[in-house]
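Engineer: Below is one structure. I have some questions about it.
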Amino acid sequence: MTVDTHAPAAHYDRVTAAWGLLLGEELHYGLFRSGDEDLATATAQLTARMIEAAGFEPGQRVLDVGCGTGAPAARLAREFGVEVLGITTSAVGVAAATERARNEGLATATFEVRDGTDNGLPPDSFDRVWVMESSHLMPDRPGLLRECARVLRPGGRLVLCDIIRRRPIPFQELRERRREFAVLRSAFGAARMDALEEYRAYAEAAGLGDVRCDDITQETLATFDRWQDNVDRHRDEVEAILGRPSVDDFEESLTILRSLWLEGTLGYGVLSASSPGE
Ligand SMILES: C[S@@+](CC[C@H](N)C(=O)[O-])C[C@H]1O[C@@H](n2cnc3c(N)ncnc32)[C@H](O)[C@@H]1O
């Protein structure tokens, strides 16, 4: 049997340890307000932006879809007294997140291997569904939104942030730039970016309402400089884990992504939506 190393589960099993060094504890982009923040501050600010949209209350049940190594889930459980179930297709991620919760003495953050597009959880069982930078890895985007809506209780809220496509990319351009996209795939795994308005349509088709979308592309741009700093700082350690070609691809992908951001092709968005009722 051959394993597609770019498929999300295999990709995340392979890169989790190295990405702790390159991306930090929270495996997502940073939101920069002044532009001078360090990466940990900026990633925490993006989490804070999602928290603001979610509006947590103590005792709520939260589903974290694509939980990485559990840093955002642990923060939610610690700071807001909510009970979080984090799910991911990466067994390595579940093990790291479970260890994090145990080390922090957090009994209210638990983690399981499950697929966000077919989660197998009971309907109407969560007050909040949190999807932080994982949706671009799930090809069945409408299915993901349907699953999120299915498990949300009436009156519950979905919050999602991710990389977005900000303009159509014609087939001819995709062909001409296929090397760039291949480097991104090698560094970040198989992914597809949708426009914020497509996310809005999937959410509405899934029966969610009060959909709010925010484009925060400019505030995320400095992320690439901080990741480059981490490549420079940790190159030897990361090469020992991933091998030199992978680190070279990661570094080249930063130049490619920076251009895609600056030319208005890709960027970053936040969406929130409510389940009707109550
Ligand atoms: C960029 S990381 C984000 C991790 C975490 N949300 C954070 O912000 O720190 C993407 C996560 O999505 C997970 N993932 C990818 N495809 C998935 C799927 N179909 N179902 C659930 N999780 C998935 C990956 O394993 C990884 O944990």
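Engineer: So if I check each of Val247, Val183, which one is in contact with a Lys or Arg (Cβ under 7 Å, 6 or more places away or on another chain), of a type in the set (Val, Ile, Thr) and in a helix (DSSP H, G or I)?
Structural biologist: On inspection, the qualifying residue turns out to be Val247.
Engineer: If a residue must be hydroxyl-bearing (Ser, Thr, Tyr), more than 8 Å from the ligand (Cβ to nearest atom) and part of a loop (DSSP other than H, G, I, E, B), how many such residues does the stretch 119-142 contain? Give the derivation first.
Structural biologist: As a first pass, look at the stretch 119-142 and keep what is hydroxyl-bearing (Ser, Thr, Tyr): 125, 134-135.
Add one more test, that the residue is more than 8 Å from the ligand (Cβ to nearest atom), and what stays is 125, 135.
Now drop any that are not part of a loop (DSSP other than H, G, I, E, B), which leaves 125.
Matching residues across the stretch 119-142 total 1.
Engineer: Can I ask one more? In a helix (DSSP H, G or I), modelled with pLDDT of 95 or more and in contact with a Cys (Cβ under 6 Å, 6 or more places away or on another chain) - does that describe any residue in the stretch 189-197?
Structural biologist: Yes, the conditions are met somewhere in the stretch 189-197.
Engineer: Looking at Asp118, is it among the acidic types (Asp, Glu), over 15 Å from the mean Cα position of the chain (by Cα) and at pLDDT 95 or above?
Structural biologist: Working: among the acidic types (Asp, Glu): yes; over 15 Å from the mean Cα position of the chain (by Cα): yes; at pLDDT 95 or above: yes.
Yes; evaluated as a whole, the condition is true for this residue.
Engineer: Looking only at the stretch 198-224, which residues are exposed (fewer than 15 other Cβ atoms within 10 Å of the Cβ), under 19 Å from the mean Cα position of the chain (by Cα) and in a helix (DSSP H, G or I)?
Structural biologist: Hits for the stretch 198-224 are Glu198, Gln218.
The values are calculated or read from the model by the stated rules, or taken from the named source; none is laboratory data. These numbers come from a predicted model, not from an experiment. Reconstructed Cβ throughout: ideal geometry from the backbone, glycine too, with neighbour counts over all protein chains shown.
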